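The block underneath contains the structure these notes are about, expressed in structure tokens.
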Amino acid sequence: MRFRSLTRWVLLVLPLPLLVAVEPASAADPVFTVATPATTVAARTDRRPMAGGVYDPVVKKTFISWAGKNEDNYVQEYDHAARTWSAPVFVGDGDADTHNYPTMIQANNGKLLIFRGMHNVELVVSESPKARTAAGKWTERVISQGVAASYPMPFKAANGDIYVFYRRTDDTVDPTAPVDQRPMLYVRSRDNGRTWRNSTQLTGAKYAVGSTGRADNMDEVYFGQMRYEPARFGRSERVHIVWTLAGGGPEGEKHDRYHRDIHYAYFQPSNRHFYSASGRDLGVQINNTDIEGPTKVVRTPIELPAGIRSPDYIQLVGWQCNGRPFVVWFTADATGTFRNSAAHWTGSRWAIKEVTTGVRTREMEPVAGGWRVYSTVDLQPGIRTALLTDTGVWTAGAQIPTAKPVQRIELITRFRDPARLLVTGASSARDASVADGDIHVVGVG
């Protein structure tokens, strides 16, 4: 299946955004504000909490990217000086597939780049016509080195190199490959996105993270989140990664039938090596030995409680005040109740603790005293906040109202308030042709 080639761009005329102030629940909570720059436009999306928007300090603008009807990609910009939102600008066609979520970074030349993994087929990049603006007719090209790509997850290293991690569907490349053999690879550009090389070309490794031939048929890798941490405290810059495995389990080779286990590693752009939580160098490829050894946080059963894949597709990752990593994820029990857990690396082991139940943890950010976690409750409007400390203490905070339920929350890169979080409202249907979710931006002050 190929995506439709479109070169048009459009502006949608929408009412002025609604701005709502949210009072703090306690003295420790900030005052949140909620803007709604676009209403009844968002379709269902499978995007992970990463790279939904970026703040440009040069022009003092925030740019956000979201998926509309048929998963077509749109961008909007917020002018912090004028305190105004632009109307949505069409960027590219999403081929009506919820997996083709758009993710955004800003290259060192100031241009915006948006990546879409045309599910199981190819990796596409769209580029803004001018630096530091979303306006105009975007150009689109296929990154040929990203064959059979899904789930693009980009970041920019300190030297300006652009990396896009993606999952490769091996039976697209080789029809004889098992349907549940889907490892992670990446592409890198050193010229602001003009040319690319993939991880195999750079390192010689067949893939970056993955396995083949596991006895439990769990050879699919689902990254829940990647989080960039700049160099500091004598450490090189690194990108924290959390993931779960998927596959056919006891039923044989089947795509995404079961999920199991939580894993952690970090990626170091300076040498393109992966490392475990203990700092063990895993080289340029994480293989099944690493998956079953130093990267495993917790083992979970292969089961479908209440028909739900557990652990969930989204897991969260961050670091403690001492620099050690921690991860957050949720599973489902026999009744379908979500049970959220956190695992903090102590220096020698993972200290695991259930921290709350009943919510879907969606995103988090570092704040004084720990990390603020943003969660939702299925079919209910609004966002719940909580403070999670390095010792695993979970304290509920302010609730942020929205008119309709929320499906995705993403911390905006280099955010500047009042544009801190991109919040995508839930569509009323799984069909990508239905787009009735709202686009919110949440900030502080």
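Does at least one position in region 118-126 carry a residue that is crowded, with 22+ Cβ neighbours inside 10 Å and not in a strand (DSSP E or B)? For region 118-126, residues crowded, with 22+ Cβ neighbours inside 10 Å and not in a strand (DSSP E or B): present. Looking only at residues of region 129-139 that are touching a strand residue (DSSP E or B) at 6+ places or on another chain (Cβ under 6 Å) and in contact (Cβ under 8 Å) with a residue 40 or more places away in the chain, we find that the one that is surrounded by the fewest Cβ atoms within 10 Å (Cβ to Cβ) is Arg132.
Within region 226-248, the set of residues being surrounded by 19 or more Cβ atoms within 10 Å (Cβ to Cβ) and at positive phi comprises just one member, Gly247.
For region 360-387, which residues satisfy the criterion of being under 18 Å from Thr402 (Cα atoms) and in contact (Cβ under 8 Å) with a residue 60 or more places away in the chain? Passing the criteria: Arg362, Glu363, Thr385. On the given criteria, is Val34 in contact (Cβ under 8 Å) with a residue 60 or more places away in the chain and in a loop (DSSP other than H, G, I, E, B)? Here the answer is no, as Val34 does not meet what is asked. Among strands (runs of 3 or more DSSP E) entirely within region 359-406, having at least 2 residues that are more than 18 Å from the chain's Cα centre (by Cα) and modelled with pLDDT of 95 or more singles out 381-388. Once region 28-65 is narrowed to residues that are buried (at least 18 other Cβ atoms within 10 Å of the Cβ) and polar (S, T, N, Q), the residue that is modelled with the lowest pLDDT is Thr45.
Taking the conditions exactly as written (crowded, with 18+ Cβ neighbours inside 10 Å, among the aliphatic types (A, V, I, L, M) and closer than 29 Å to Val41 by Cα), does Val377 satisfy them or not? So Val377 fails the test.
If you go through region 295-325 and keep only what is farther than 18 Å from Arg48 by Cβ and in contact (Cβ under 8 Å) with a residue 60 or more places away in the chain, you end up with Ile302, Trp319, Gln320, Cys321, Asn322, Gly323. In region 179-197, the qualifying residues are those that are touching a Gly at 6+ places or on another chain (Cβ under 8 Å) and closer than 20 Å to Ala158 by Cβ, and the one that is surrounded by the most Cβ atoms within 10 Å (Cβ to Cβ) is Val187.
Taken together, the residues in region 73-101 that are in a loop (DSSP other than H, G, I, E, B) and at pLDDT 95 or above amount to 7. Val434 satisfies every condition listed in (1) at pLDDT 95 or above; (2) within 26 Å of His119 (Cβ to Cβ); (3) among the β-branched types (Val, Ile, Thr) except (1). When the criteria are applied in full, Val142 fails the requirement of being crowded, with 19+ Cβ neighbours inside 10 Å and either of a type in the set (Val, Ile, Thr) or assigned to a strand (DSSP E or B) (or both). Residues in region 407-424 that are of a type in the set (S, T, N, Q) and buried (at least 24 other Cβ atoms within 10 Å of the Cβ): Thr424 alone. Listed by first and then second residue, the pairs with beta-carbon distance under 8 Å, at least 6 apart or on different chains, first residue in region 207-218 and at negative phi and surrounded by fewer than 24 Cβ atoms within 10 Å (Cβ to Cβ), second of a type in the set (Val, Ile, Thr) and assigned to a loop (DSSP other than H, G, I, E, B), are Asp216/Ile302; Met218/Ile302. If you go through region 78-92 and keep only what is within 20 Å of the chain's Cα centre (by Cα) and more than 18 Å from Tyr166 (Cβ to Cβ), you end up with just Val91. Taken over region 21-59, the residue count meeting the criterion of being under 30 Å from Asp431 (Cα atoms) and of a type outside the set (A, V, I, L, M) is 12.
The values are calculated or read from the model by the stated rules, or taken from the named source; none is laboratory data. Everything numeric in this text was worked out from a predicted model, so none of it was measured. Neighbour counts run over all protein chains shown; Cβ positions are idealised from the backbone, glycine included.
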